[in-house]
1. Let me make sure I get this right: for segment 9-79, a, b and c are the square roots of the gyration tensor eigenvalues over alpha carbons, sorted descending. Under 1.5 in a/c it's rounded, otherwise prolate if a/b > b/c, else oblate. Which is it?
2. Could you work out how much longer the chain between Leu53 and Phe4 gets when fully extended? Use 0.36 nm per residue separation minus the Cα distance between them, nm to one decimal.
3. With r as the distance between the Cβ atoms of Asn99 and Asp16 and R0 = 22 Å, compute the FRET efficiency 1/(1 + (r/R0)^6) and round to 0.05.
4. Considering only protein heavy atoms, what is the solvent-accessible area of Val91 at a probe of 1.4 Å, reported in Å² to the nearest 10?
5. Under a crude label model (7 Å from the Cα following the beta-carbon direction), how far is Ser35 from Ala69 in nanometres?
6. Please give, to one decimal in nm, the separation of the simple spin-label points placed at Arg27 and Ala61, each 7 Å out from Cα toward the Cβ.
Amino acid sequence: MSQFPIDVDAEAIFLDGSWYTREDLSRRIRAMLDSGDFNVARPSAALQELTQLMQGVRTLAFRSPPELADALTQLASRLQQSVGAVIREAVTQYITDANSAPVEPHRQAGRSEETVRASIPVPTSTTSEDLPKVIIEPPAVEAPPQVIAGPGALKAAGLEPVELTQRKQAAAGDSADPEQRWFKQ
């Protein structure tokens, strides 16, 4: 996580009470060095964080019904944020909540709860408390088949199969058998 707030849409970072782009930070660092101020560690760290983050940024797209798109735009305007910032915050919260919830299997008529939730129309007045809880199911993992070599495979490998269900009978009166010694006392 960044130690400085970063606005991905504006490609800017918040440092010392102001928002700076990469170019702004470069100019600020150069001006500090030119004036003899070599205390450029924080602006340099901010520039490095902003550059690294922006190099890894990916653009995602999704489809939504017009009502949801309008509600998202209105919310972004009310919060004085970009639509992208609202979506990033919502997805981050969604993933955090889903990862902290215990995983419990839940099915309804052959569909997962995620599929059911995706098909529920969400009115604009709905709050997050009104939405159904999403349960993420781990993928089913099948155990690999166990291969047990039979007598034919052992013979083909040049080994003699050993019969494990029968014991050799000790000759009568042979006390060399450890099990027999316990009973002859």
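1. prolate
2. This chain segment gains 16.5 nm when fully extended.
3. Efficiency computed from Cβ-Cβ geometry: 0.05.
4. Taking all protein chains as shown, Val91 has close to 70 Å².
5. Placing both labels 7 Å along Cα→Cβ, they lie 4.8 nm apart.
6. Label-label distance for Arg27 and Ala61, simple model: 3.4 nm.
The values are calculated or read from the model by the stated rules, or taken from the named source; none is laboratory data. This one's a predicted model, so the numbers in the text were calculated from it and none came from an experiment. Cβ sites come from the backbone with ideal geometry, for glycine too, and all protein chains shown count toward neighbours. Quick note on the areas: whole protein, heavy atoms, side chains included, nothing else; ligands and nucleic acids left out. Shrake-Rupley method; radii C 1.70, N 1.55, O 1.52, S 1.80 Å.
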